1. Going through segment 249-291 one residue at a time, which ones are over 26 Å from Met390 (Cβ atoms) and in a helix (DSSP H, G or I)?
2. When you scan segment 202-212, do you find a residue that is within 16 Å of the ligand (Cβ to nearest atom), out of contact with any Ser or Thr (no Cβ under 6 Å at 6 or more places or on another chain) and open to solvent by 50 Å² or more (accessible area, probe 1.4 Å), even just one?
3. Exactly one condition in (1) over 23 Å from Gly68 (Cβ atoms); (2) away from the ligand (no atom under 14 Å from the Cβ); (3) among the hydrophobic types (A, V, I, L, M, F, W, C); (4) touching a Phe, Trp or Tyr at 6+ places or on another chain (Cβ under 8 Å) is not met by Ile282; state its number.
4. Can you pull out the residues in segment 239-269 that are more than 8 Å from the ligand (Cβ to nearest atom) and either in contact with a Lys or Arg (Cβ under 6 Å, 6 or more places away or on another chain) or small (Gly, Ala, Ser) (or both)?
5. Filter segment 398-417 for residues that are open to solvent by less than 100 Å² (accessible area, probe 1.4 Å) and outside any helix (DSSP H, G or I) and give the result.
6. Output the residues belonging to segment 225-240 that are charged (D, E, K, R) and open to solvent by less than 20 Å² (accessible area, probe 1.4 Å).
7. Taking segment 241-285, which residues are farther than 22 Å from Ser370 by Cβ and either open to solvent by less than 10 Å² (accessible area, probe 1.4 Å) or modelled with pLDDT under 95 (or both)?
8. Give me the pairs, please: first residue somewhere in segment 46-67 and on the phi > 0 side of the Ramachandran plot, second residue anywhere and within 15 Å of the ligand (Cβ to nearest atom) and of a type in the set (Ser, Thr, Tyr), beta-carbon distance under 8 Å, and either six or more positions apart or on two chains.
Amino acid sequence: MNTERNYTLNDENASLICKLPFISGSVGPNVIDIQALYKQTGLFALDPGFTSTASCRSKITYIDGEAGILLYRGYPIEQLAEHCSFLEVCYLLMQGNLPTQDQLDQLINQVTHHTLLHDQLTNFFSGFRRDAHPMAIMLAVVGALSAFYHDALDIHSKDDRDLCAIRIIAKIPTIVAMSYKYSIGLPFMFPKNNLSYVENFMCMMLGNPCETFIPNPVMVRALDRILILHADHEQNASTSTVRLAGSSGANPYACITSGIACLWGPAHGGANEAVLNMLMEIGDVSNINHYIKRAKDKNDPFRLMGFGHRVYKNHDPRAKLMRATCHEVLDELGLHDDPLFKLALKLEGIALEDDYFINKKLYPNVDFYSGIVLKALGIPSNMFTAMFAMGRSIGWISHWDEMISDPAQKIGRPRQLYTGETHRDVTKITDRIVK
Ligand code: CMC
């Protein structure tokens with residue numbers, strides 16, 4: 001629904017009346033379309049961190065942070081995690097509906113036949129130091145994809161955009177696994193077309209050429225679920241970065257690279273690695289209170305990693321599913337006495353009963369348990385954010401596709417509240433004084 005309402009804005013000098021459209025989505029908060037605000041009033045809106053600003057219209061993912069609801073294309077995350085594979089979810093996010101068996105078979109076939117990298121692209125890896133962070137390598141190699149796959153880069157062609165999406169979904173696991181193999185000095189493992197998407201990734205990542213890799217179905221299911229839970233999260237920082245980069249018409253591989261860069265930060269996708277580092281730093285249950293105290297101290301930058309979320313103010317539904325997956329994996333491996341897991345459970349229990357965390361509505365987020373699951377799967381902690389990127393790539397490319405196909409799309413160009421010097425004249429260098 002789209003109606004117009006009058007709004008009166010008062011400042012000390014005058015009242016300004018503006019007529020702005022009031023728009024309802026299919027569910028969730030209504031919005032005031034402020035595109036004409038400047039034209040009508042000469043005012044900009046200021047919203048650093050976008051806490052009250054919808055940056056676009058989207059049909060992909062819906063979150064109700066108060067109720068702890070996450071829907072991909074209308075389907076609850078709990079149902080998708082229970083009944084679907086990651087590739088079904090990829091199809092859903094990109095195409096808008098769950099696939100039929102034929103459509104899924106076709107997607108599996110396409111993805112399976114695009115997993116190899118151009119042979120010259122594999123030379124990139126040897127240019128890096130062995131101790132480079134895998135995210136740094138991933139950034140460079142994903143960015144370089146546009147130099148190798150420029151046969152289908154017409155962003156206004158749906159066929160090209162779909163092919164780019166297939167290439168992204170298919171090649172990122174290969175790049176992630178190669179980044180890891182390079183860092184530990186082991187040979188790259190080629191993709192195997194007889195394996196499923198997740199089995200193939202596990203084989204490339206954890207297998208070696210001297211042995212046959214036999215995937216454990218519980219581990220495969222756990223990793224598949226991790227990818228589903230990370231697949232999309234509406235206009236989060238990295239997705240918004242991808243959209244902003246894409247709004248200039250930049251190619252999709254460049255845009256996905258900008259998303260990877262943004263994801264790397266500890267407040268976003270770097271949190272899963274940070275959680276594990278934090279648990280190792282805490283070390284023992286007896287130290288928990290000290291760290292809880294630090295997390296509450298305004299003068300201490302320490303935060304309880306894996307806690308809190310910009311949108312979820314009740315619970316993060318992904319965290320619940322991840323906690324259950326964590327139990328399944330540790331049961332399968334007989335690791336329930338794993339000291340890190342015990343420490344995490346204790347820390348979660350203490351924080352959830354602490355007034356500071358209760359009052360600020362800080363609950364465990366998806367990253368609190370994903371690190372423990374990934375560690376149990378044999379993934380080293382410096383690969384965790386790359387794993388997040390692997391899952392989120394389908395979300396990024398789906399949002400990019402949605403944006404590019406929108407006829408109303410224009411370049412993203414925020415304004416600012418300027419607080420610097422006003423006009424001043426340049427003086428001769430000899431007349432300048434130190435300020
Ligand atoms: N530990 C201690 N205090 C916290 C924490 C935390 N993890 N998170 C927020 N707070 C406090 C914060 O100090 C602030 O206090 P005050 O109001 O007194 O200034 C208040 O809670 C609100 O925090 P905020 O930083 O203003 O909230 P935000 O919505 O801007 O930040 C967040 C959300 C996720 C960046 C933040 O909660 C955080 O840094 N958490 C730890 C990092 C983390 O786990 N990130 C993963 C997010 S989930 C994965 C993803 O979607 O990317």
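1. Correct list: Glu281, Ile282, Val285, Ser286, Asn287, Ile288, Asn289, His290, Tyr291.
2. Initially, segment 202-212 is screened for residues within 16 Å of the ligand (Cβ to nearest atom), giving none.
No: segment 202-212 contains no residue that is within 16 Å of the ligand (Cβ to nearest atom), out of contact with any Ser or Thr (no Cβ under 6 Å at 6 or more places or on another chain) and open to solvent by 50 Å² or more (accessible area, probe 1.4 Å).
3. The failed condition is (2).
4. In the first step, residues of segment 239-269 are kept if they are more than 8 Å from the ligand (Cβ to nearest atom); the result is 239-262, 264-265.
Of everything in segment 239-269, those that are more than 8 Å from the ligand (Cβ to nearest atom) and either in contact with a Lys or Arg (Cβ under 6 Å, 6 or more places away or on another chain) or small (Gly, Ala, Ser) (or both) turn out to be Ser240, Ala245, Gly246, Ser247, Ser248, Gly249, Ala250, Ala254, Ser258, Gly259, Ala261, Gly265.
5. If we filter segment 398-417 for residues that are open to solvent by less than 100 Å² (accessible area, probe 1.4 Å), which is where we start, we get 398-406, 408-409, 412, 414.
Matches in segment 398-417: Asp406, Ala408, Gln409, Gly412, Pro414.
6. Residues of segment 225-240 that are charged (D, E, K, R), as a first pass: 225, 232, 234.
Across segment 225-240, the qualifying residue is only Asp232.
7. The initial filter retains those residues of segment 241-285 that are farther than 22 Å from Ser370 by Cβ, namely 243-255, 257-258, 284.
The answer is Gly246, Pro252, Tyr253, Cys255, Asp284.
8. Phe50/Ser240
The values are calculated or read from the model by the stated rules, or taken from the named source; none is laboratory data. Just so you know, these numbers come straight off a predicted model, no measurement behind them. Please note: Cβ atoms are built from the backbone with ideal geometry, for glycine as well, and neighbour counts cover all protein chains shown. Only protein heavy atoms, including side chains, enter the accessible area calculation; ligands, DNA and RNA are left aside. Shrake-Rupley method; radii C 1.70, N 1.55, O 1.52, S 1.80 Å.
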